[in-house]
Structure formats: structure tokens, C-alpha cells
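FYI, it's all coordinate maths here, none of it is from the lab. Bear in mind the structure is a predicted one, so any value in this text is a computation, not a measurement. FYI the Cβ positions are ideal-geometry reconstructions off the backbone, even for glycines, and counts take in every protein chain you see.
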Amino acid sequence: MNLIQIAWRNFCHRALSSILTTLSLSLGVGLVVLVLSVYGVISEAFTRNASVGYNLVVGPKGSPLQLTLNSVFYLSQPIENLPYTEYLEFLSKEKRTELVDRFRGDESLKERGGRYAPFIGDGYAIPLALGDYFGEFRVVGTTPLFFEKLRHGPTLEQEFTFSIGRAFKEFSEEHSYFEAVVGSRVAKEMNVGIGDEFFPTHGDPTGHGHDLGFTIVGVMDPTGTPNDRAAFVNLEGFYLMDGHAKPLEESDTPEESEQSEAVESADVSDRVAKPDDYRLLSIAEREVTSLLVRTENIIFAPSMQNAINEGFRAQAAAPVGEINKLMGLIVGPLKNAMLIITLITCIVAAVGILVAIYNSMNDRRRDIAVMRALGARRTTVTNIIIFESLLVAVIGAVVGWVLAHAAIAAYSGTIEDQTGVQVGFLTTTGNEIWILPLVVLLALIAALLPAWSAYRTDVGSNLSD
Amino acid sequence: MTKTLEITDVTKSFPQPAGGSIQVLDIPKLVVNEGEQVALIGQSGGGKTTLLHLIAGLLSADGGSISVDGINLTKLSEQGRDRFRAHSIGYVFQTFNLLPAFTALENVRLGMTFGAGKADNQRARELLNRVGLSERENYRPGQLSVGQQQRVAIARAMAAKPRLLLADEPTANIDPKSAESVLDLIGESCRNENIALLMVTHDMQIASRFGRTDRLDEINLVVSKT
Ligand SMILES: Nc1ncnc2c1ncn2[C@@H]1O[C@H](COP(=O)(O)OP(=O)(O)OP(=O)(O)O)[C@@H](O)[C@H]1O
Ligand SMILES: [Mg+2]
């Protein structure tokens, strides 16, 4: 029989006390693992989603964090808007000319390329218009470019795909300018699918509905990004909704304003829509909430960010940086606080080990004396006590780890639904490898006092003869 | 003839709670030869247990020398005495002192655990078989009768093949009938394995079963003085 077997027998002999101390330790360890895992999930969810292929978010001046939360995570209150001309600054001369001709705008805009266009090159700038809701979910007005250009997944290589349907078009004969695509959770929770029409409400989830409806033409596959929680509508259609046009000053009035708002026949369903059924907003009437920008090369991003921030209207935020700041500022310290609390739980459990073993020392003294009489050394009986404490530590740590990971595995579906982060039984966070050494150390400290008492046990007087 | 145990001029006194000390033992000479079986008879409080503890190296003597198999343990360090005890001494107690957390078989194996480290399951089974308890090897002490417990304790004391078996009133807690067979078992086991036996008792009847009976009050000067 080796010393570990002897320690194990002692462990089993005081089964109730051993199991209770082990259980309390495993709860402590489980809590530590849960805190680490939850933090891991949160930080992964945030940082992973902080870039869906773009590297900057451009919006009106203000808090870069709020801009990020708004435009990347579709959280927080709606922010101010930028004039459409700010968007044009990201486009080449040809593209600007095309848009000015199409939407009617100041001819002088055609004369030069956008100020930031050189940074963009092969990249993109995708406009977003926020502020409306579909139920609880954000409505995002954007262009088909959104689905064409953005990527997601761990390596940012996956395109957005559709579980059913397709991306919306800027104009279609069936639905005119009013096509929409919904994220997977929106489809599930609002119970909508292809062909359904919805009416965005203005300003907040309980606000008044607009009278123009969008028809869903596609439901996205789950992506694990905030896009699962958004309803995307065609930007042109979004502009046509009541109150979405920026009120014009006298000088801005476009020449062709005689064309009526909506042609009467728009509500005749089986009629083929024509592009000029509606008068699209002029450039002066257009606003965007923010732009998702990808520079041609990532190394251009900082200089473009500086250039934008030096201007007086817009700011550019790097979402990853903002989220890291948020994590460092709020979530990190919160994690540390939780970690300290849970570690205290472990320390309390270790004190439990001490008390349990120390209380049993009276019963053990005779056993120790007998083993000494059988030839065991002081160090041997001392080691048996230490091994017993270590058994509690190792079993407690393993059970706690398994319990926590079983809990995580059990809720992995929900976690993936809510955050897009895939977790399984064996998903570990880096710091978990420190748990076992830490618990072992605690157990060693807890064993010191009883071990010392075992060491000093007098043989003769404890043999009860 | 080889002397398995040789005690020369051993003295032992204990400090008293009230202060000062009281001498318990002063033994000029005690010899047990190889394979010899000796009963040492003495009254309660006479220092029998103290003497056995000294021989086992569980206590150290104030003076004199104790040699077992030629090894003078008064010269050994504590660790040396532990190793000596694991190898050379078997001990049977009045209250058996089986470890309650372990089965009968494991208790026997504990008898060899602290020596050379060979936990010989085969020998443990054989010993249990010899004391008639093969069927009880997985019983815990609490599930055995007192007679059976003492048999396990005897098997345990034999496990490490000691040179000298010390028995401290091994039958005091057992009914007379079981006591007979326990005594037979001890005597026979020691004879089989050529182990010298020193048994202390205050019971004349038990002592009379031995070929050699010493009286502690005759060898211990402390007692004879009082
Ligand atoms: N650790 C000790 N400290 C002080 N005195 C002790 C100690 N151990 C034994 N004694 C004393 O030594 C004397 C002899 O004790 P011991 O246990 O050897 O007697 P014994 O012959 O075995 O008696 P019994 O037959 O009752 O078991 C007693 O007076 C006892 O009080
Ligand atoms: Mg005694």
C-alpha cells in the first residue's frame, strides 16, 4: 500500500466530511471557471464582432465608443447623422459624378474625387442609416454592398449567406425600393419569413410606425454577430419613409421638385414597379448615421483615421480598439472583482479542509501512533495527512472544473444564440491551467497545521495500551 | 546461541506532572535468545508496556543499551529506529490497534508497508489464511469479533518477518476460550517463522504456558527496591 492509497482510505473513512469539504472546494473552483469562461465568452463575442471585415467606423463627432456600440453592435441610443456629402468624400470622382447625376445634387461635387477616396482604393465605404426599429430589433438602412463586401467568422472569410432568399436589391420590379433582409434571430423571434411585410417604427421600439412597408426577401444564416439581431432595409426605401428626409433650406431645393412624393398606384400590388414611381431623395436631403470603412490596406487605416478626426464634422473609430478599451475599463475590472470573490470562496473551502482534517486529528492520533509502531516515520505520517488534503484539492478541482464545463456545455446553445460564440465542454480559457496549481497550493497551506500536529504525535501515549 | 534481544543496564524515568521525575525501569540484564519464547509477568503499573516501547524503539532509554539482532538501537537516530522497527519488530497490542479505515487484508499489508516497501499481497493472504480469516479479508475491523481482530493483528505483526515479536497482554480483552487459541496462534506462528517472542502479562495462568517465565519485579531493580 502506498501513501496515496492510505490517504484515500482515510478520505473514504470520513466520507461525509471528505465529500462535503471536496464539494465546497469544487463549488469554489466551479465559480472561478465560470467567471473565467463567461469573461472569455464576453470578450470573444465583443472583439470578434468588433470587425466584420471593416477596420473603421465613421460617424458624427462625439463618443467613439457610442459610435461603435451603435453602428457595430446596434446597441445604445441613436446618434446624430452625417450629411451625405461626407459619405461622398470616401468615393472616387466617377462614383460621385454618378451619384450626383442620379440623385440630383450640387454640380460642384462632381469636380473632384472624395478627400479620403485615395485611402479606400479597393476597399469600401458602406453607409448605414439607423434609428428605426422592427419590434425590439434595430432596422439598418444600407446598400446591397453590405452583403457583398462584409465577411464574418473566426478568420473573417465567410460571406453572409441566406438560409432562405437573397440579399435585397436597390430596386426590384416586385417590391420597388422596399426590400428587406432580416437576421436569423429577428426571423425567429418576430416569426417572419420571405414575403412578409413589416413597418419600421420610428425612434424607439414602441414608437409610431411608418406607413411604408418593407418586404422580406431574405433571411440570413446565423453569423454569431450582431447582424443576427438586425433587420436590414434598402437605404433608398429607408429615405422614402416619412421624416427620413432632411428638411431643406431654400437654397438647397432641387430643380425637379414638381414630381409628387409617391405615385398613387404604388399600392396596387400586382403592378410592375418602375424606378420613377417614387421621387428619390436629393443628395442634400440625404443623411447617413455612419459608414463602415475598409481601407485598401490596413496600414492606411491610422492615417485615414487621423485625417477624418482632424475634420470638424466626422470622427473615425477603430471598433476593435474601442471594444478593447471598454473591456479594459469596465468588463476587465468587473471580471477581476468576480475573480477575487470566487477565489475567496476557494480560500474558505481550503479553510474547510483545514478544519475537517484538524478536527479529526484526535481520532487520527491513535492511527498515526499505530503506523509509527509499524515502522512509519514521522515524515511518512505527515505526508499521509498532506496527501489527504491534496486528494480533496485535486478531486475538488476536477469536479468543479467538470461541473462548470458541463454547465457551459449545457448552455452552449443559448450562449451561441446570444453571442455567436461557440463553446463546448472542452472549451477552456488560458487562465484555467492556473486553477489546479493554485488549489493545490491552498490545500498544502491548509494541510500545514494538521500535518505539523501529525508530525508531533507522540507514539507511546497514543497506543492506548 | 544467538541473542535476539539483549538489554543491559537500561534505565527509564518519566517526568511527573507535579514536577520532578519518577523512575520506572532499571534493568541490569535481560536476554531473549533466537526463537525463544518468554513470558514476562508483572503487576499493573510495573513498567511492562514501557519496557516493550523501549525495545521497539518507540521510547528512548535514559541509559544502558538495547540490542536486537546485534543492532544497538540506543545508538540509532530516530529515523534509524523507525527503519529498525519496520524490519525487525512485530508488535501485538492489548487493544489490537487495527486501523478502522482498512480491511483485514489491508491491515496486514500495512505491516509491511513501512519497511522495504514490498507490499506482498500473496504473503498477506497467506498470513490471514494461517490465522483462519481468509474468508474475512475484506472485512473492516468493526465487522470482526475481538478474537478475530486480534488474529488480524497477529498476522499484521508477522507480516514484515520480524526477528522479535513483542506482545503486550494480547489476550486481556478476549474471552478465555478465544484467548487460548490466540496464544496458541502466537506461539505457533513464532515457532514457524523462527521469531523470538517476548510477551508481557499480569496473568499467571498465561505465563505458565511458557517454557520460560521471568518476573519483572525480579529483573527490575526499581520494583524490587519499593
Ligand atoms: N508517558 C508517560 N509519562 C509519565 N509517566 C508514564 C508515562 N508512561 C508510563 N508512565 C508511568 O510509568 C509507569 C509504568 O507504566 P506502564 O504503562 O509501563 O505500566 P504497565 O506495566 O504496562 O501497566 P499495565 O499492566 O496497567 O498496562 C506507570 O506508573 C505510569 O504512570
Ligand atoms: Mg501496559
- Rounded, prolate or oblate: which fits chain B when a ≥ b ≥ c are the square roots of the eigenvalues of the alpha-carbon gyration tensor, with rounded for a/c under 1.5 and prolate only if a/b beats b/c? prolate
- Do the alpha carbons of any pairs in A:95/A:149; B:3/B:177; B:3/B:48 sit beyond 23 Å of each other, and which pairs? B:3/B:177
- Return a whole-number percent for the relative contact order of segment B:3-224, with Cα pairs under 8 Å and 6 or more residues apart as the contact set. 31
- Item | Gyration tensor (alpha-carbon) shape descriptor, segment A:56-317, a/c threshold 1.5 | oblate
- With springs only between Cα atoms under 10 Å apart, run a GNM on chain B and tell me which of B:23, B:94, B:205 wobbles the most. B:205
- Item | Whole-angstrom gap from segment A:16-56 to segment B:121-166, using each part's C-alpha centre | 52
- Computed over the Cα atoms of chain A, what is the ratio Rg over Rh, Rh following Kirkwood? 1.23
- Note on the structure: From the Cα centre of segment A:222-237 to that of segment B:58-99, the distance in Å is 84
- Message: If you average the C-alpha positions of segment A:128-158 and of segment A:324-402 separately, how far apart do those two centres end up, in angstrom?
- Response: 51
- Task: Place a +1 charge on the Cβ of each Lys and Arg in chain A and a -1 charge on the Cβ of each Asp and Glu, then give the dipole magnitude about the Cα centre in debye, rounded to the nearest 20.
- Result: 4120
- Message: What are the ³J(HN,Hα) couplings of segment B:21-27, residue after residue, when phi is run through the Karplus curve with 6.51, -1.76, 1.60 and θ = phi - 60°? Round to Hz, x for glycine and proline.
- Response: 9, 10, 7, 10, 10, 8, 10
- Message: Taking the 0 to 90 degree range and rounding to the nearest ten, how far is the long axis of helix A:301-310 tilted relative to the main principal axis of chain A, both from C-alpha atoms?
- Response: 60
- Item | segment A:56-317, relative contact order in percent, only Cα pairs under 8 angstrom and at least six apart counted | 31
- Please name whichever of A:152, A:37, A:358 sits farthest to the positive end of the charge dipole of chain A, dipole taken about the Cα centre and charges placed at Cβ: Lys and Arg +1, Asp and Glu -1. A:358
- Message: So for segment A:29-185, averaging the separation of alpha carbon pairs under 8 Å that are six or more residues apart and normalising by length, what relative contact order in percent results?
- Response: 15
- Message: Of all beta bridges DSSP finds with both residues in segment B:3-224, what is the antiparallel percent, to the nearest 5?
- Response: 50
- Calculate how steeply helix B:104-113 sits against the longest principal axis of the alpha-carbon atoms of chain B, using the helix alpha-carbon long axis, and give the answer as 0 to 90 degrees to the nearest 10. 50
- Note on the structure: Taking every C-alpha to C-alpha distance in segment B:1-73 and binning by 5 Å from 0, the per-bin percentages run 4, 15, 25, 26, 17, 8, 4, 2, 1, 0
- Message: Taking a ≥ b ≥ c as the square roots of the Cα gyration tensor eigenvalues, with a/c under 1.5 meaning rounded and otherwise prolate when a/b beats b/c, else oblate, which class fits segment B:49-90?
- Response: rounded
- Task: Find me the longest stretch of chain A that has none of the exposed chymotrypsin sites (Phe, Trp or Tyr not before Pro), where exposed means in a DSSP loop (not H, G, I, E or B) with at most 16 other Cβ atoms within 10 Å.
- Result: A:1-311
- Item | For segment A:1-123, alpha-carbon Rg relative to the globular expectation (2.2 N^0.38 Å, N residues) | 2.19
- Message: Compute a Gaussian network model of chain B, connecting alpha carbons closer than 10 Å, and tell me which residue from B:57, B:90, B:80 fluctuates the most.
- Response: B:80
